[in-house]
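Have a look at the structure below before the remarks.
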Amino acid sequence: MTPEEIEASRHLIHYYDGEGGWEPGSFTFHLIRALHTADHLNKYKLLAAFPQFKAPMRILEDEDGLAALQAMVTGGPTIK
C-alpha cells in the first residue's frame, strides 16, 4: 500500500469504529460517508477522483475486511 492508501485506510478504520484508526478531518469524513452510501455509479466516480480509497474500500467489502485492513496498516491482527 502507498502512504496515501495507508492514511485513507486509517481514516476508514476510524469511521467503522475499529482500533488503529485516525480521526479524519471534516472533508474526509464526509467523503467516507458519501463512499459508504453511494450507489455503484457514484462510488465509481468518487473512487476515480480519490484513488487512495480504492484498495482499502475493496478490502472492506470482504467479510472480515475491517480486521484485514487493520492488520495491513498496523502490522498484525487487531480486534475491535
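Hey, any hits in segment 52-65 for a residue that's in contact with a Lys or Arg (Cβ under 8 Å, 6 or more places away or on another chain), assigned to a loop (DSSP other than H, G, I, E, B) and without any contact (Cβ under 8 Å) to a residue 60 or more places away in the chain?
no
May I ask you to list pairs of residues, at least six apart or on different chains, whose Cβ atoms are under 7 Å apart, with the first in segment 19-46 being without any contact (Cβ under 8 Å) to a residue 24 or more places away in the chain and assigned to a helix (DSSP H, G or I) and the second being surrounded by 14 or more Cβ atoms within 10 Å (Cβ to Cβ) and not hydrophobic (A, V, I, L, M, F, W, C)?
28/11; 32/11; 32/15; 32/24; 35/43
Residue-wise test of (1) of a type in the set (D, E, K, R); (2) modelled with pLDDT of 95 or more; (3) surrounded by fewer than 19 Cβ atoms within 10 Å (Cβ to Cβ).
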site: 9; (1), (2), (3): no, yes, no
site: 16; (1), (2), (3): no, no, yes
site: 19; (1), (2), (3): yes, no, yes
site: 22; (1), (2), (3): no, no, yes
site: 28; (1), (2), (3): no, yes, no
site: 32; (1), (2), (3): no, yes, no
site: 35; (1), (2), (3): no, yes, no
site: 39; (1), (2), (3): yes, yes, yes
site: 47; (1), (2), (3): no, yes, yes
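Go through (1) surrounded by fewer than 13 Cβ atoms within 10 Å (Cβ to Cβ); (2) modelled with pLDDT under 95; (3) over 13 Å from the mean Cα position of the chain (by Cα) and name the single condition residue 74 misses.
Condition not satisfied by residue 74: (1).
The values are calculated or read from the model by the stated rules, or taken from the named source; none is laboratory data. Remember, it's a predicted structure, so these values are computed and weren't measured experimentally. Positions of Cβ are backbone-derived with ideal geometry, glycine not excepted, and every protein chain shown enters the neighbour counts.
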